[in-house]
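Trainee: Dumping the structure here so I can ask a few things about it.
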Amino acid sequence: MHCPYCRHDDSKVIDTRGADDGNSIRRRRECPECGRRFSTVEAISLAVIKRNGVAVPFSRDKVINGVRRACKGRPVTEDDLAKLAARVEDTVRQSASAEIPSNEVGLAILGPLRDLDEVAYLRFASVYRSFESVSDFEIEIEDLRSNKCSSSDTSHTSAKIGTSGRTPVTSPT
Ligand SMILES: [Zn+2]
């Protein structure tokens with residue numbers, strides 16, 4: 001970390017605290033050369049592990065792009081998509097691991113998308129869960145209907161996410 005005043009290439013951390021959004025760390029630093037102080041903000045990185053094992057940084061834009069296709073022709077606004085992506089990010093960050101398998105990101109999308117638009121949800125789920133027959137749709141639609149009748153309790157969807165085969169991630173330390 002270069003000093004922004006004298007360009008000295010080292011600095012001493014004198015204080016560290018989490019930022020309000022919980023997704024970044026703020027550090028107060030002091031330059032040992034000129035003695036001036038400055039702050040840095042570091043994003044806590046969240047990596048998505050793809051099926052082939054490659055780690056890519058989590059990106060809300062990628063979530064939005066993935067969902068946008070399923071929302072084509074539906075009454076879903078850009079604002080809705082942005083909110084959905086924020087919910088997805090919150091969910092995956094709660095898993096308390098810095099590395100998330102990509103299928104967990106997909107699972108985290110299903111719940112909020114279902115709340116947003118059922119047709120888009122069915123489209124997304126059919127691709128994501130690779131529906132193979134009409135009966136797969138029927139089961140899913142039946143589930144949507146029964147869920148609607150009982151209550152709009154969202155704990156149903158989050159419980160579903162939790163049970164869908166979470167694979168343990170071993171992080172290299
Ligand atoms: Zn300096």
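All of the numbers you see were taken from the coordinates with simple rules; none came from a lab. These figures come from a predicted structure and were not determined experimentally. Here the Cβ positions follow ideal geometry from the backbone for every residue, glycine too, while neighbour counts run over all protein chains shown.
Trainee: Under a no-solvent Debye model with one identical scatterer per Cα of region 36-149, what's log10 I(q)/I(0) at q = 0.13, 0.14, 0.15 Å⁻¹?
Mentor: Normalising to I(0) and taking log10 leaves -0.56, -0.63, -0.71.
Trainee: Under a point spin-label approximation (7 Å from Cα along Cα-to-Cβ), what is the residue 129-residue 1 distance to one decimal in nm?
Mentor: Rounded to a tenth, the inter-label distance reads 4.6 nm.
Trainee: Quick check on region 58-113: what does the Kirkwood estimate of hydrodynamic radius come out to from the alpha carbon pairs, in Å?
Mentor: Kirkwood hydrodynamic radius for region 58-113: 11.4 Å.
Trainee: Please work out the Kirkwood hydrodynamic radius for region 1-87, using every pair of different C-alpha atoms, and report it in angstroms with one decimal place.
Mentor: It works out to 16.2 Å.
Trainee: From the gyration tensor of the Cα coordinates in region 83-154, what semi-axes in whole Å does the equivalent ellipsoid have, largest first, with each one equal to sqrt(5λ)?
Mentor: For region 83-154, the semi-axes come out at 23, 16, 10 Å.
Trainee: Moving on. Taking Cα pairs under 8 Å and at least six residues apart, what relative contact order does region 58-136 come out at, in percent?
Mentor: This gives 35 percent for region 58-136.
Trainee: For labels at residue 28 and residue 119 in the simple 7 Å Cα→Cβ model, what's the distance in nm?
Mentor: Distance between label points: 5.5 nm.
Trainee: Which order do the peptides 105-116, 29-40 come out in when sorted by mean C-beta neighbours inside 10 angstrom, highest first?
Mentor: 105-116, 29-40
Trainee: Here is a further query. How many nm separate the modelled label positions at residue 79 and residue 47, each set 7 Å beyond the Cα in the direction of the Cβ?
Mentor: 3.8
Trainee: Mind jotting down the distance between the C-alpha centroids of region 74-152 and region 1-73, whole Å?
Mentor: Each part reduced to its Cα centre gives a spacing of 28 Å.
Trainee: Continuing with this model, one more query. Just want to confirm a number: the relative contact order over region 1-61, from Cα pairs under 8 angstrom separated by 6+ residues, in percent.
Mentor: Relative contact order for region 1-61 comes out at 23 percent.
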